[in-house]
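Data block below; observations after.
The values are calculated or read from the model by the stated rules, or taken from the named source; none is laboratory data. Everything numeric here is computed off the predicted structure, so don't read it as measured data. We place every Cβ from the backbone using ideal geometry, glycine too, and count neighbours over all the protein chains shown.
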Amino acid sequence: MLDPLFDFTGKVVLVTGGSRGLGYQMVRAFAQRGADLIIASRKLENCEQVAEECRTMGRRAMAFSFHAGRWADCDALIEAAYAQFGRVDILVNNAGMSPACPSHELPESLFDSVLNLNFKGPFRMASQIAHRMSQGAGGCIINVSSSGSLMALPLVVPYGAAKAALNAMTVSLAREYAPRVRVNTLCPGPFLTDIAQAWEEDKREHQPVALGRPGRPEEIVTAALMLASPASSYTTGALVQVDGGPR
């Protein structure tokens, strides 16, 4: 029997960047607790594999290919989600990344790409779905930021700035669409997702955080479930750090 605090039976959850990493872990967690899923990222094949995994759990699931930094793609995803399921109860704005580059060498095209992917697109997804939620039965939005939005982040300055903008966006949208829509930020630190394969071996074992190590991908799950749970009905505009503690 599911814990009533974390029972998402019948809920429709849309996760961008849901085919791998932390997004994949959240997709699995929601599916295991009864939710139907929309999994969206650039590679349709990867999304379909995750969708099929959800179907084996008895859930409805839809895979969708989109570019998270383009408003036209965001709008197409939203239309497809509502056409298929009739609503979105929970949006997890998880897509985002940035290659390292010295700031003085950063080309304008890369700057624009990073801002589009990490802020412009998530703004479109959150604002459009929040509006629809507010006109319907309400809902919950989780914007996935980064511990890099709260500290110095050399070599990926636009990424840290875009995630800081995402934090500010969360607070404003939480106020704009209250009380029917809750909007919160989930702020992960260093996690052993596929991006960690490029780290030096020592960094995969040790990190300069209070707990002394990087997070395991599954350790993001409880924070996401907490923010999405109806039992968190008095939590909005919050920033929840899952980053191993202070540096």
List, please: which pairs have Cβ atoms under 8 Å, are six or more places apart or on different chains, and start with a residue in region 78-100 that is within 25 Å of VAL156 (Cβ to Cβ) and end with one that is polar (S, T, N, Q) and in a loop (DSSP other than H, G, I, E, B)? GLY96/SER146
Which condition number in (1) closer than 18 Å to ASN143 by Cα; (2) of a type outside the set (A, V, I, L, M, F, W, C); (3) in contact with a strand residue (DSSP E or B) (Cβ under 8 Å, 6 or more places away or on another chain) is the one that TYR24 fails? (3)
What are the residues in region 1-21 that are farther than 17 Å from ILE141 by Cβ and among the β-branched types (Val, Ile, Thr), if any? THR9
Looking at (1) surrounded by 18 or more Cβ atoms within 10 Å (Cβ to Cβ); (2) over 18 Å from the mean Cα position of the chain (by Cα); (3) modelled with pLDDT of 95 or more; (4) within 29 Å of PHE111 (Cβ to Cβ), which is the one condition that is false for GLU176? (1)
Residues satisfying the stated conditions in region 69-94, i.e. in a loop (DSSP other than H, G, I, E, B), closer than 20 Å to PHE119 by Cα and not basic (Lys, Arg): GLY69, ASN94
Does ALA161 satisfy being under 23 Å from CYS101 (Cβ atoms) and assigned to a helix (DSSP H, G or I)? yes
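Please enumerate the residues belonging to region 29-58 that are crowded, with 19+ Cβ neighbours inside 10 Å and in contact with a Leu (Cβ under 9 Å, 6 or more places away or on another chain).
ALA29, PHE30, ALA31, ARG33, LEU37, ILE38, ILE39, ALA40, VAL50, ALA51, CYS54
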Please verify whether region 50-61 includes one or more residues that are among the charged types (D, E, K, R) and in contact with a Gly (Cβ under 8 Å, 6 or more places away or on another chain). yes
Checking SER147 against (1) within 30 Å of ALA83 (Cα to Cα); (2) buried (at least 19 other Cβ atoms within 10 Å of the Cβ), which single condition isn't satisfied? (1)
Quick check: is even one residue across region 207-217 assigned to a helix (DSSP H, G or I), touching a Leu at 6+ places or on another chain (Cβ under 8 Å), within 22 Å of SER149 (Cα to Cα) and among the charged types (D, E, K, R)? no
Exactly one of (1) under 21 Å from VAL92 (Cα atoms); (2) surrounded by 15 or more Cβ atoms within 10 Å (Cβ to Cβ); (3) out of contact with any Gly (no Cβ under 6 Å at 6 or more places or on another chain) is unmet by ASP243. Its number? (3)
Counting only residues that are in a helix (DSSP H, G or I) and surrounded by 19 or more Cβ atoms within 10 Å (Cβ to Cβ), region 226-240 contains a total of 2
